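The values are calculated or read from the model by the stated rules, or taken from the named source; none is laboratory data. What you are looking at is a predicted structure, and each value in this text was computed from that prediction instead of being measured. Don't worry about glycine lacking a Cβ; one is built from the backbone with ideal geometry, like all the others, and counts go over all protein chains shown. The protein model used for the area step is the full one, side chains on, heavy atoms only, and it has no ligands, DNA or RNA in it. Shrake-Rupley method; radii C 1.70, N 1.55, O 1.52, S 1.80 Å.
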Amino acid sequence: SVNDLPSFENYDMAGRTYRYFTKEVLYPFGYGLSYTTFRYDSLTLSKPKINQAESVTACVSVTNTGKKDGEEVVQLYISTPVSKSPRAIKSLKGFQRIFLKAGETKKVNFIITPEALANFDEHNNAFIVNPGTYKVLVGKSSAAGDLISCSLDIQP
């Protein structure tokens, strides 16, 4: 509802876009219709711990569980550790459109680079990858119920 949004005079990001909105929405970011259904399983990372300059690969299995062939847009989100400066709840960092025949399963890979993990640091006036535990989320939309997740530890 419009009543859930901050006032027009409030320029804070809290409560705006899927990245900062905490309430349930009717149509989450990335929502789409299909004539079939999909299941996401086995989200894994090539390494559970990396340093701030490394990349990591996320792999997820997507299965067409319906009776019709169909396309799905597999979406990758990153949720950063708690910080003193405001951070998005989650941010879209990648997506891939795949076609699956009924009953077919495909593995989808995403390379997560340091740039995808970085947040702007006002004190240093630069994008920085902070150490801590990040959440890697993959699914069909930004809605919590549509996502599976795993943890990625970033070492200094």
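Only residues in segment 43-62 that are farther than 19 Å from PRO131 by Cβ and touching a residue at least 12 places away in the same chain (Cβ under 8 Å) count as the first member; pair them with residues that are of a type outside the set (A, V, I, L, M) and part of a loop (DSSP other than H, G, I, E, B), Cβ under 7 angstrom, at least 6 apart or cross-chain, and list the lot.
THR57/SER46
I'm trying to understand the selection: among the residues of segment 47-61, which are over 16 Å from GLY139 (Cβ atoms) and surrounded by 14 or more Cβ atoms within 10 Å (Cβ to Cβ)?
Correct list: ILE50, GLN52, GLU54, SER55, VAL56.
For residues that are of a type in the set (Asp, Glu), outside any loop (DSSP other than H, G, I, E, B) and either open to solvent by 60 Å² or more (accessible area, probe 1.4 Å) or modelled with pLDDT under 65 (or both), tally how many sit in segment 5-46.
The first filter runs over segment 5-46 and keeps only residues of a type in the set (Asp, Glu), leaving 9, 12, 24, 41.
Narrowing further to those that are outside any loop (DSSP other than H, G, I, E, B): 41.
Next, from what is left, pick out any that are either open to solvent by 60 Å² or more (accessible area, probe 1.4 Å) or modelled with pLDDT under 65 (or both): none.
Looking only at that region, the number is 0.
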